[in-house]
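Just so it is clear, none of the values below were taken in a lab; they were calculated from the coordinates. In this text the structure is predicted, and so the values were computed from the model without any measurement. As a convention, Cβ positions derive from the backbone with ideal geometry for all residues, glycine included, and neighbour counts pool all protein chains shown.
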Amino acid sequence: MITLAIAGKPNSGKSTFFRAATLAQAEIANYPFTTIDANHGVAYVRTACPCQERGESCGNCRDGVRFIPVGLIDVAGLVPEAHMGRGLGNQFLDNLRQADAILQVVDASGATDAEGNPIDIGSRDPVKDIEFLQYEISMWMYGILSRHWAKLLRQAQAREFPLAAAIADVFAGLGVTLENVRDATDAAGVDLRTAGEEDLIRFCRELMVRSKPMLIVGNKADQAPERCLDRLKEHDVIFASAAGELALRMAAEGKFITYLPGDPDFVVNPDAGLNAAQQAGLQKVADFMQACEGTGVQKALDTAIFDLLDMIVVYPVEDESKLTDSKGRMLPDALLMKRGSTPRDLAYQVHTDIGEGFLYAVDARIGMRIKDTLELKNGDIIKIVSVRK
Ligand SMILES: Nc1nc2c(ncn2[C@@H]2O[C@H](COP(=O)(O)OP(=O)(O)OP(=O)(O)O)[C@@H](O)[C@H]2O)c(=O)[nH]1
Ligand SMILES: [Mg+2]
């Protein structure tokens, strides 16, 4: 499963974001290092379900809104010099290994210092939180590389030794590919065989950008003063209120409101029987949503998957006219795939056997066979014909 990690300094609202997105339990408190062991859960990205085009209801969406699972990891807070082991930083950074991308949660309200201790709202420049994490992650990667460097250089004395591939191997557990290594080498403008420390650090920074893409989430935006928001607007930031989203999801669970994650607003149910404090709390969330077109939590998840990781949704079916599987279930699966994937890739993603026995694919919307090298589009409904089942 595609997995996102939530990372950032302590007390920025990572676990609140995690709970809001997964409704799984995770401890939340206004002091640093509330989370020590990473929390793992399942969040969902939101897309329009194609069953609506037919005016039907597939039973796998909610009023035409399809939610597709992605893994979410809530990592403990990272402090400056985490890559040197400060505040158990090395152990925490290890939790980022399996992530395909990182949601970097910053405290947009400037109410926590570099270590996550509470301070007056607006007294820290939130932009400082952005740079620090990118530095820590690239230095963590540099630390991993430097542990192997002497040996790699010795091996690289043999001219035919594939150094780039060996570096990719060192980082295999982080999802680094040979292509990432080559691109990072070019972007950093380094000759790896003669690179010095500075060159390797620059190289690791480029490697990080390619293997651990990051989306910045300006959390606690509901209490952020204008000047903090303005500072963050100079960067590519998604503003969010994780606390607001958590309140809404819990209220929706309790049937007090009608709300689907990612909706721009919500409706209080007529028989909710809310007390004055609950009403005031929800009104605050509603005001924030109006200003930000939602709470920002779903938007952050969707942007990470669909824009940052450039993924599309494809629906495999067995009956191309009814859009069902062999058991008659309509549009049973929604698969996330990298843009550029082909019908053959889809066959492999459904099952290795189906990929190996792949014969051809049918685009259910046009009812015609398509080339196995054709690039799939977002929302495609595809029947795979394979010699294997
Ligand atoms: N106003 C506001 N407060 C928030 C928001 N999100 C989190 N908080 C508060 O920020 C504090 C820290 O929240 P956590 O979710 O525990 O933060 P964390 O980043 O997981 O903290 P560590 O696990 O210690 O690293 C808590 O008091 C939350 O209630 C938000 O969107 N708005
Ligand atoms: Mg936490």
- Item | Computed P(r) (all Cα pairs; the range 107-215; 5 Å bins; percent) | 2, 12, 20, 20, 14, 9, 8, 7, 5, 2, 1, 0
- Message: Under 10 Å, Cα contacts only: if you run a Gaussian network model on the chain, which one of Glu160, Glu253, Glu234 comes out with the highest mean-square fluctuation?
- Response: Glu160
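Please tell me the relative contact order of the chain in percent, rounded to the nearest whole number, where contacts are Cα pairs under 8 Å and at least six residues apart.
Numbers: 774 pairs, mean separation 56.4, N = 389.
Relative contact order, the chain: 15 percent.
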- Item | Scattering curve values for the range 1-117, log₁₀ I(q)/I(0), Debye with Cα scatterers, q = 0.11, 0.16, 0.20 Å⁻¹ | -0.43, -0.74, -1.00
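Extension gain Ile119-Asp307, at 0.36 nm per residue separation less the Cα-Cα distance, in nm? Could you put the intermediate results ahead of the total?
Numbers: separation 188, 0.36 × 188 = 67.68 nm, distance 3.42 nm.
In short, 64.3 nm is gained.
Please tell me which of these pairs span more than 19 angstrom C-alpha to C-alpha: Lys9/Lys128; Lys9/Lys220; Lys299/Lys383? Walk me through the numbers on the way to the answer.
On the way: Lys9/Lys128 11 Å; Lys9/Lys220 14 Å; Lys299/Lys383 30 Å.
Table pairs above 19 Å Cα-Cα are Lys299/Lys383.
Which of Met84, Met1, Met330 has the fewest other C-beta atoms within 10 Å, and how do the rest follow up to the most?
Details: Met84 13, Met1 10, Met330 21.
Ascending number of Cβ neighbours within 10 Å: Met1, Met84, Met330.
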- Message: Can you find, among Ala276, Thr3, Ala26, the residue sitting farthest towards the positive end of the charge dipole of the chain, where Lys and Arg contribute +1 and Asp and Glu -1 at Cβ?
- Response: Thr3
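Using the reciprocal of the averaged 1/r over all distinct C-alpha pairs, how large is the Kirkwood radius of the chain in Å?
Details: mean 1/r = 0.0436 Å⁻¹.
Kirkwood radius, the chain: 22.9 Å.
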- Query: For the range 250-340, with the dipole built from +1 on Lys and Arg beta-carbon atoms and -1 on Asp and Glu ones, taken about the Cα centre, which of Ala251, Val314, Gly340 lies farthest toward the positive end?
  - Reply: Ala251
- Item | Debye log10 I(q)/I(0) for the range 213-371, one point scatterer per Cα, at q = 0.16 Å⁻¹ | -0.93
- Please give the residues of the range 52-81, grouped as numeric ranges, whose backbone N is less than 20 Å from a label point set 7 Å along the Cα-to-Cβ vector of Asp319. 52-61
- Of Gln98, Ala38, Gly367, which is farthest along the charge dipole of the chain in the positive direction, counting Lys and Arg as +1 and Asp and Glu as -1 at C-beta? Gly367
- Query: Of the residues Leu335, Leu192, Leu308, which exhibits the maximal mean-square fluctuation in a Gaussian network model of the chain defined by a 10 Å Cα contact cut-off?
  - Reply: Leu192
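Does the range 57-163 come out rounded, prolate or oblate by the C-alpha gyration tensor, with a ≥ b ≥ c the root eigenvalues, rounded set by a/c under 1.5 and, if not, prolate when a/b is larger than b/c and oblate if not? Display every interim value, and only then the final one.
Values: a/c = 3.11, a/b = 1.27, b/c = 2.45.
It is oblate, given that a/c is not under 1.5 and a/b is not larger than b/c.
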- Task: Compare the peptides 184-190, 238-244, 293-299 by average per-residue count of other Cβ atoms within 10 angstrom and give them in order, highest first.
- Result: 238-244, 293-299, 184-190
- Taking the chain as a Gaussian network, Cα atoms linked when under 10 Å apart, which of Val314, Val170, Val70 shows the biggest mean-square fluctuation? Val170
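Once you have the Cα-Cα distance between His148 and Thr177, take 0.36 nm times their residue separation minus that, and quote the gain in nm to one decimal. Intermediate results must be reported in sequence, preceding the final value.
Numbers: separation 29, 0.36 × 29 = 10.44 nm, distance 1.71 nm.
Taking 0.36 nm per residue and subtracting the Cα distance, the gain is 8.7 nm.
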- Message: On a full-extension model of 0.36 nm per residue, what is the gain between Ala164 and Thr352, subtracting their alpha-carbon distance, rounded to one decimal in nm?
- Response: 64.8 nm
- Nonlocal amide H pairs with Tyr360, under 5 Å, H built at 1.01 Å: Val385
- So for the range 313-386: antiparallel DSSP bridges make up what percent, rounded to the nearest 5? 75 percent
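Add +1 for every Lys or Arg and -1 for every Asp or Glu among the other residues with Cβ under 15 Å from the Cβ of Glu245, and state the total. Let's see the in-between values first.
Details: positive: Lys14, Arg19, Arg46, Lys220, Arg249, Lys284, Lys299; negative: Asp74, Asp222, Glu253, Asp263, Asp265, Asp287, Glu293, Asp302.
Here the charged neighbours net out to -1.
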- Note on the structure: On each of the three principal axes the extent of the alpha-carbon atoms of the range 313-386, given in whole Å and largest first, is 28, 24, 22
